[in-house]
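Engineer: Please find one structure pasted underneath; my questions will follow.
Taken together, the values in this text are just the output of simple stated rules run on the coordinates, not laboratory data. Predicted, not measured: the structure shown is a model, and the values here were computed from it. Please note: Cβ atoms are built from the backbone with ideal geometry, for glycine as well, and neighbour counts cover all protein chains shown.
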Amino acid sequence: MKKTLIFLLLFYSTLSFGQTKQMSTGELIQAMKRLNVVGNVLYVAAHPDDENTLFITWLSKEKMVRAGYIAMTRGDGGQNLIGSEQGEYVGYLRTHELLGARSIDGGEQYFTRANDFGFTKTTDEALSTWGKEQILSDLVWRIRNFQPDVMVNRFPPDARAGHGHHSASAVLSEEAYKAAADPTRFPEQLAYVKPWQVKRVVWNSFSPNFQNTTPEEGSYIKIQLGNYNALLGKSYTEIAAEARSMHKSQGFGSAKTRGQRVDYALHKVGESAKDDLFDGIDMTWKRVKGGEKVEGLVNEMLANFKVENPSASVPALINIYNTINGLEENVWTTYKKNEVKDLILACAGLWFEANPSDYSVAGGDKIKVNLNVVARSNTTIVLEKVSFKGIGKDSVMNTKLVNNVPVNQNFDVQISANTPITQPYWLMEEKEKGFYKVNDQLLRGLAMKPADLVCEYSFSIDGKQFNFQTPLTYKFVEPSIGEIYRYFEVRPEVMATIDEKVYAFADNQPKDVHVTLKAGKKGVSGSVSLDAPKGWKIEPVAINFELKDKYEEKNVTFKVFPSNTASEVSLKAVVKTANGTYNRGIATIDYKHIPTLTLYPVSEAKAIRIDLKKKGTMIGYIAGAGDEVPAALTQIGYQVTMLTPVELGKNLGVYDAIIVGVRAYNTEEHLKFFQDKLMDYVKNGGTVVTQYQTNAFYGTSKVKEIGPYNFGIGRGRVTDENAEVKILNPTHPLLNTPNKITAKDFDGWIQERGLYFADKWAKEYETIFSMHDAKEKEEEGSVLYAKYGKGNFIFTGLAFFRELPAGVPGAYRLFANMISVGK
């Protein structure tokens with residue numbers, strides 16, 4: 001029973017909003033054929049966008065096996081080309097991009113608890129930061145649940161992978177191959193699952209030379225992945241491109257190609273394949289005791305399938321379901337029964353959903369839910385009962401469905417006050433540097449937690465009892481788009497969101513800290529306070545509020561007086577009402593290619609008192625990708641003007657410095673028209689600080705040189721945020737005016753020192769720092785400085801785009817010196 005529960009958790013967590021699955025005629029036939037394929041494959045890599053969507057498409061739609069992709073991380077350390085989300089926010093966004101990709105290529109999505117802490121060059125650093133044993137246990141847990149016949153690694157287990165996370169995923173995969181079959185490894189899992197032996201592990205490569213394959217590596221096979229599927233009306237390369245293009249935050253939109261594509265599978269461990277990925281594996285019902293009869297029933301159903309009347313196959317599907325239900329319970333029979341149930345729904349034209357009247361509710365409140373059920377066939381279907389799980393409300397219906405006549409009924413439901421808020425399960429507790437804390441073994445690795453509020457429908461279909469579930473899901477119509485679904489959320493009674501993540505105090509002057517209160521239901525009143533440690537003063541102590549309407553917002557302001565000396569503290573907003581104490585804010589991630597996502601982070605902000613001086617006030621800023629630096633500069637008293645093409649066309653001489661945001665030359669095509677003007681601004685006495693760009697700046701903006709003199713951008717980076725920083729020229733103005741910069745200013749940096757350093761430069765440039773990761777050469781291209789005419793040009797690959805929004809004091813001091821140079 002425990003194993004069935006685990007599978008149902010996995011199954012329902014992968015459904016897109018729990019909507020009834022609808023299929024075209026071609027998809028129906030494809031799904032029916034798939035019933036006779038009994039096999040599983042697990043694809044393994046490190047991040048969202050690492051997976052080969054073509055390989056997963058081929059597995060799911062050509063070989064028709066159950067295909068899963070397990071990413072070690074959710075991509076939290078990656079950058080975001082479409083917005084400002086970073087950290088766990090971009091991880092949540094990329095989780096849904098993966099779910100969107102899997103809905104296209106037919107795979108399932110899983111993760112480990114590993115946190116993407118940023119680029120790393122070594123396997124050892126990845127494994128030690130994650131905690132090798134705990135992430136290995138997550139991979140073993142997934143193998144024992146999923147029971148793959150074959151595991152496919154995207155990367156080799158060594159430096160050829162190009163990223164420590166990449167190589168670590170392959171190292172873990174090969175170790176998990178052994179550990180999953182060993183009952184002495186992670187025995188606590190055996191209360192729910194049993195040991196499982198994978199047949200083989202292969203490395204999926206695009207090239208026959210396998211990036212300089214080592215002599216001790218094994219044989220390989222070729223795999224033709226680019227077939228055209230007439231039932232689907234597309235080639236696998238076309239489908240894969242659609243899936244790949246869901247990775248929009250990483251800029252991985254892909255063109256659809258047509259024609260054959262050959263990949264290679266290099267043997268790593270297990271029994272070697274000679275001709276086919278599934279050599280030696282029985283992929284038929286013969287692998288299940290008594291299962292041979294299922295194959296015959298499926299073939300008979302296919303032979304009698306009526307294209308214009310799929311519902312004629314419902315009796316055959318029920319017979320197949322009953323037959324599988326009579327077999328031993330295992331991972332294949334449980335999965336196949338759910339495939340059959342999907343086909344019964346599709347063939348019978350049965351659609352059902354439960355839609356709340358609003359997209360959120362507070363615990364303890366009431367809401368209307370509209371039940372919508374319709375059958376588009378003459379199949380004999382009776383809706384016997386609906387039950388609202390997590391709510392405790394049942395309703396006997398006993399309604400016979402008439403072809404294409406909807407049944408709509410409204411229910412008033414009471415949400416329990418104890419219902420947890422709708423928060424990603426891996427973000428319920430504060431994360432460690434290398435991993436997320438997830439105490440519930442059954443949730444580990446799921447893309448999303450199954451919904452707490454679910455509607456269960458009991459149907460009699462041709463006399464057979466079936467139960468189906470869908471989560472309560474809100475839907476609405478946006479006139480410019482059409483029908484849109486979004487998660488139904490359980491919210492706190494009231495949320496308090498501090499306007500900024502970081503408040504930086506460059507002197508003893510107080511700052512106004514704004515807190516936005518938002519009601520999760522009608523009629524909320526109470527008080528809110530802003531707490532800070534001793535040495536910091538908050539006025540007033542508390543503020544009373546009243547919010548009459550649901551979603552009503554009210555902005556309250558506290559005056560925060562910093563400590564007299566440099567310090568770093570946390571400001572925490574606490575709300576008290578008659579029903580309890582609340583300490584969470586609200587954040588929304590909203591893009592058209594994914595559902596609207598809401599998080600409820602703990603309501604706190606970092607406050608730092610910095611020993612900082614600055615010269616100049618007026619800053620012009622050319623925004624880059626996902627850029628939060630302007631807000632950080634505003635915190636220390638700069639007046640920042642965003643330089644749009646219109647603003648760039650005006651007089652630039654009014655600015656004390658102009659800052660070019662990260663990857664602006666990669667993303668802003670108009671910069672090529674203003675590059676000469678920027679250099680003239682420098683020549684006439686201005687200062688330009690250009691943050692990191694990639695060496696693709698020749699592409700989007702078509703700018704040949706981004707500085708006054710030639711320099712090249714390489715791929716050099718220092719990933720160790722604690723790496724020693726050597727000062728090459730202690731007397732340089734950048735290190736002395738107006739702030740004295742020392743090695744101490746590099747304490748407390750996060751994720752990395754910097755990336756995409758200059759790798760060559762003209763003699764006119766001066767270098768300021770030298771740094772390196774362990775066992776690597778010194779990198780001197782993190783900062784280049786040059787005088788040009790009367791002004792100053794600075795290129796920096798230091799990760800200010802991470803450090804300033806994170807409130808790193810030394811980063812503020814050094815950046816202030818760059819802005820102030822020449823003043």
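Engineer: Which residues' amide hydrogens lie under 5 Å from the amide hydrogen of E628, considering only partners 5 or more residues apart or on another chain, with H built in the peptide plane?
Structural biologist: none
Engineer: Based on alpha-carbon positions alone, could you give the equivalent ellipsoid semi-axes of region 618-820 from the gyration tensor, as √(5λ), descending, whole Å?
Structural biologist: After diagonalising the Cα gyration tensor, the semi-axes are 24, 19, 17 Å.
Engineer: Count the net charge of all other residues whose Cβ sits under 13 Å from the Cβ of L93, scoring Lys and Arg as +1 and Asp and Glu as -1.
Structural biologist: -3
Engineer: While we're here: Mind ordering 132-144, 711-723 by average Cβ neighbours within 10 Å, highest first?
Structural biologist: With the highest mean Cβ count within 10 Å placed first, the list reads 132-144, 711-723.
Engineer: So which chymotrypsin sites (Phe, Trp or Tyr not before Pro) in region 493-600 are both in a DSSP loop and have at most 15 other Cβ atoms within 10 Å of their Cβ?
Structural biologist: Y551
Engineer: For region 39-280, report the convex hull volume of the alpha-carbon atoms normalised per residue, in Å³, without decimals.
Structural biologist: Details: hull volume 30.0 nm³, N = 242.
Dividing the Cα hull volume of region 39-280 by its residues yields 124 Å³.
Engineer: Going 7 Å from the Cα of N330 in the Cα-to-Cβ direction, what parts of region 284-315 have a backbone nitrogen less than 15 Å from that spot?
Structural biologist: 284-295
Engineer: Cα centroids of region 222-237 and region 327-397: how far apart, whole angstrom?
Structural biologist: After rounding, the separation between the Cα centres reads 33 Å.
Engineer: Over region 133-251, what is the mean sequence separation of C-alpha contacts under 8 Å (at least six apart), divided by residue count, expressed as relative contact order in percent?
Structural biologist: Taking the mean separation of contacting Cα pairs over the length of region 133-251, I get 25 percent.
Engineer: Can you order the peptides 195-207, 321-333 by their average number of other Cβ atoms within 10 Å per residue, highest first?
Structural biologist: Numbers: 195-207: 19.7, 321-333: 17.2.
Answer by packing, highest mean first, reads 195-207, 321-333.
Engineer: Also, I was wondering about something else. For the chain, what is the calculated [θ] at 222 nm in deg cm²/dmol (nearest 500), taking -39500 (n - 2.57) for each run of four or more DSSP H residues and dividing by its residue count?
Structural biologist: The per-residue figure over the chain is -6500 deg cm²/dmol.
Engineer: On to the next question. Tabulate in residue order the Karplus-calculated ³J(HN,Hα) for region 409-426, using 6.51 cos²θ - 1.76 cosθ + 1.60 with θ = phi - 60°, rounded to whole Hz; enter x for Gly and Pro.
Structural biologist: Working through the residues one at a time gives 8, 9, 10, 8, 10, 9, 8, 4, 5, 8, 5, x, 5, 7, 10, x, 4, 7 Hz.
Engineer: For region 71-193, what is the convex hull volume of the alpha-carbon atoms per residue, in Å³?
Structural biologist: 119
Engineer: Let me ask something else about it. Check which residues have an amide H placed less than 5 Å from T20's amide H, if you skip close sequence neighbours.
Structural biologist: Here the answer is F352, since their amide H atoms fall under 5 Å of that of T20.
Engineer: With the Cα gyration tensor of region 492-609 in hand, convert its eigenvalues to equivalent ellipsoid semi-axes via √(5λ) and list them largest first in whole Å.
Structural biologist: On the way: eigenvalues 140, 67, 22 Å².
Calculated on Cα positions only, the semi-axes equal 26, 18, 11 Å.
Engineer: Can you list which of the GluC sites (Glu not before Pro) found in region 277-308 are DSSP loop residues with at most 15 other C-beta atoms within 10 Å?
Structural biologist: E308
Engineer: Could I have the simple spin-label model distance between F673 and Y551, label points 7 Å from Cα toward Cβ, reported in nm to one decimal?
Structural biologist: It works out to 3.9 nm between the two label points.
Engineer: Another question about this same structure. Cα centroid distance between region 26-103 and region 739-796, in Å?
Structural biologist: Taking the Cα centre of each part, region 26-103 and region 739-796 sit 39 Å apart.
Engineer: Whole-Hz ³J(HN,Hα) for each residue in region 804-816, computed from phi via Karplus 6.51 cos²θ - 1.76 cosθ + 1.60 with θ = phi - 60°, x for glycine and proline: what do you get?
Structural biologist: Computed from phi, the couplings for region 804-816 are 5, x, 7, x, 7, x, x, 5, 4, 5, 5, 5, 4 Hz.
Engineer: What is the local net charge at N372, summed over the other residues whose Cβ is closer than 14 Å to its Cβ (Lys, Arg +1; Asp, Glu -1)?
Structural biologist: Once all neighbours under 14 Å are counted, the net charge is +1.
Engineer: Applying the Karplus parametrisation 6.51 cos²θ - 1.76 cosθ + 1.60 with θ = phi - 60° to the phi angles of region 787-800, what ³J(HN,Hα) value in whole Hz is obtained for each residue in order, glycine and proline being reported as x?
Structural biologist: My calculation for region 787-800 gives 7, 9, x, 8, x, 9, 10, 10, 10, 9, x, 4, 7, 4 Hz in order.
Engineer: Now, a different point. Quick one: Cα centre-to-centre distance for region 478-523 and region 711-726, in angstrom?
Structural biologist: 36
Engineer: Here is a follow-up. Hey, which of these cross-link pairs are over 21 Å Cα-Cα: K511/K650; K178/K775; K293/K341; K341/K400?
Structural biologist: Table pairs above 21 Å Cα-Cα are K511/K650; K178/K775.
Engineer: Additional query: Over the chain, what is the mean sequence separation of C-alpha contacts under 8 Å (at least six apart), divided by residue count, expressed as relative contact order in percent?
Structural biologist: 10
Engineer: Sum up the charges of everything whose Cβ sits under 11 Å from the Cβ of P601, counting Lys and Arg as +1 and Asp and Glu as -1, but leave P601 out.
Structural biologist: Net charge in that neighbourhood comes out at -1.
Engineer: Sequence-distant or interchain residues sharing an amide H contact under 5 Å with Y43, placed H: which?
Structural biologist: G68, Y69, I70, V152
Engineer: Consider the candidate values [x] 1.11; [y] 1.00; [z] 1.05; state which one is Rg/Rh (Cα atoms, Kirkwood Rh) computed from the structure displayed.
Structural biologist: Only one listed value fits the structure, namely [y].
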